[in-house]
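Enquirer: Below is a structure I'd like to ask you about.
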Amino acid sequence: MESANNLTAENVMEENPVTVQSDRRLSQVKNKMEDEEIRAIPVVSEKNKLEGVIGYRDLIRQLQFNPSKTKLSKVMHQPPSFDLEDSLVDLCDLRINSGRKLLVKEKGGKLQGVVGDQQFLDAFAEVKEVERLKTAEIANLGVLTVFEQDTLEEARHKMLDENVSRLPVRDNDGNLTGILRSTDLLKSMVPRQTQDSGGTSGRRNAGEVYMSGGGEKESMSEVPVSELMNRMVVTSEDYLKGDKAVKMMQEQESGEIVYINNKQPESILTVKDLIDFVKSLQPSDTVFVQLIGVDSDEAKDSMHEKIRTQLTGSLGRKLDRAEELSVHVKKADQDGTRQRYELIVKLHSEYGIMTVNEEGWELLNILDEALDKLNAQVRKKKEKQEERNRK
């Protein structure tokens, strides 16, 4: 496992991404994205010069017009670019702040590599901060959903308006029955034909999108979600640790996990939520926490929570380059049903290595006292450093 700040873009990026030639029609781009099951695709010239990127949102907006004649230049956007030495945290920050699904690396105008959702997910499997993460802390409780009887047009507008790319689907009882993704919409969308089967000019309604399949085209405003949704949904009744969630997404080839309670969707975890979490791990806020001698998962979770509170609060504000905090728990004498503990807490930071020893009967209380003493040590070190700087 590696810290997110130590993983570089060179290790994360895909060097041979799927691309599309700039002379292709929009409908061909749609087919390529559909076949490859990707949500954004680089557009390159014959000499592999990067022209831009087309994302699924671009297609969802444009496919109501004429994809056989629309030029790619009117649809594609200029993607954000990264440097090879950028960290995974930098990449996540660029992804969130740009709002784009695909990041690119160019060299001499030519495409050298990309980072998208799949590359992020694969990288998160190697990140120690994600391994310790409790997904209950980042899953979206206000999950947006649609009902089976809602129309595809209603679902499409909800995706665009709320900037989401998937919607869990409910039945009349509110139970989860499937999921509708933006890529599902792409598979069905075609432009309104300007001539009917008899060769006469057909009626065209502005803003309406029509579905492929069959001899006639159906408006998406007439088709229920139940006809297009995917009934295979990756779900969990219990909130998973970060590494378990990433592994489940990888194994199921899914970009989300829907957490359910009594068969109803309670929250949703997506790759973007993980990207948001890693984005928050700026170097000044990232500390490798190591617990030694703790057997209980419940005790580990409680200790991590107390340490996190200190590192994001009073103690963390005094540190600029905190690197590691270790807690070594030793069991001492036992008194009836109670166990006496000895804690050795070490902090590695810009002030060197500081150590605190504390003993007592209640593990979490001892940890609180040790962290308070550590906080006091750091404060004294910081005050001395500031005093020297003023002279």
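The values are calculated or read from the model by the stated rules, or taken from the named source; none is laboratory data. None of these values were measured; they are calculated from a predicted model. Please note: Cβ atoms are built from the backbone with ideal geometry, for glycine as well, and neighbour counts cover all protein chains shown.
Enquirer: Determine the pairs where a residue that is of a type in the set (D, E, K, R), located within region 2-17, has a partner that is in a loop (DSSP other than H, G, I, E, B) with Cβ atoms under 8 Å apart, the partner being 6 or more residues away or on another chain.
Expert: Between residues of region 2-17 that are of a type in the set (D, E, K, R) and residues that are in a loop (DSSP other than H, G, I, E, B), the close pairs are GLU2/GLU126; GLU10/LEU84; GLU10/GLU85; GLU14/GLY116.
Enquirer: Which of the residues spanning region 4-57 are hydroxyl-bearing (Ser, Thr, Tyr) and at pLDDT below 85?
Expert: SER27, TYR56 - these are the residues of region 4-57 that are hydroxyl-bearing (Ser, Thr, Tyr) and at pLDDT below 85.
Enquirer: Being out of contact with any helix residue (DSSP H, G or I) (no Cβ under 7 Å at 6 or more places or on another chain), in a helix (DSSP H, G or I), closer than 24 Å to ARG181 by Cα and modelled with pLDDT of 85 or more is the requirement here; does GLN118 meet it?
Expert: Answer is yes for this residue.
Enquirer: Something else: Evaluate the following for ARG95: is it surrounded by fewer than 23 Cβ atoms within 10 Å (Cβ to Cβ) and under 23 Å from GLY55 (Cα atoms)?
Expert: Considered against the rule, which asks whether it is surrounded by fewer than 23 Cβ atoms within 10 Å (Cβ to Cβ) and under 23 Å from GLY55 (Cα atoms), ARG95 comes out as no.
Enquirer: Output the residues belonging to region 121-154 that are over 17 Å from the mean Cα position of the chain (by Cα), modelled with pLDDT of 90 or more and surrounded by 18 or more Cβ atoms within 10 Å (Cβ to Cβ).
Expert: Result: THR145, VAL146, ASP150.
Enquirer: For region 235-250, does any single residue satisfy the condition of being among the charged types (D, E, K, R), over 19 Å from ARG39 (Cα atoms), under 16 Å from the mean Cα position of the chain (by Cα) and buried (at least 18 other Cβ atoms within 10 Å of the Cβ)?
Expert: Yes, that holds for at least one residue.
Enquirer: Could you please let me know if GLY313 is on the phi > 0 side of the Ramachandran plot and not hydroxyl-bearing (Ser, Thr, Tyr)? Full working, then the answer.
Expert: Values: on the phi > 0 side of the Ramachandran plot: no; not hydroxyl-bearing (Ser, Thr, Tyr): yes.
In short, no.
Enquirer: If you don't mind, there's one more thing I want to ask. Does region 295-313 contain any residue that is more than 30 Å from the chain's Cα centre (by Cα) and at pLDDT below 90? Before you say what the answer is, go through the steps one by one.
Expert: So the first thing to find is which residues in region 295-313 are more than 30 Å from the chain's Cα centre (by Cα), and the list is 295.
Okay, now just the ones that are also at pLDDT below 90, so 295.
Yes, region 295-313 contains a residue that is more than 30 Å from the chain's Cα centre (by Cα) and at pLDDT below 90.
Enquirer: Just one of ASP295, ASP320 is outside any helix (DSSP H, G or I), outside the structural domain of LYS244 (by TED's automatic domain parsing) and touching a Ser or Thr at 6+ places or on another chain (Cβ under 7 Å); which is it?
Expert: On the way: ASP295 fails: touching a Ser or Thr at 6+ places or on another chain (Cβ under 7 Å).
Only one candidate qualifies: ASP320.
Enquirer: Can you pull out every residue in region 102-112 that is touching a helix residue (DSSP H, G or I) at 6+ places or on another chain (Cβ under 8 Å) and surrounded by fewer than 23 Cβ atoms within 10 Å (Cβ to Cβ)?
Expert: LYS105
Enquirer: LEU364: within 20 Å of GLN385 (Cβ to Cβ) and in contact (Cβ under 8 Å) with a residue 24 or more places away in the chain, yes or no?
Expert: no
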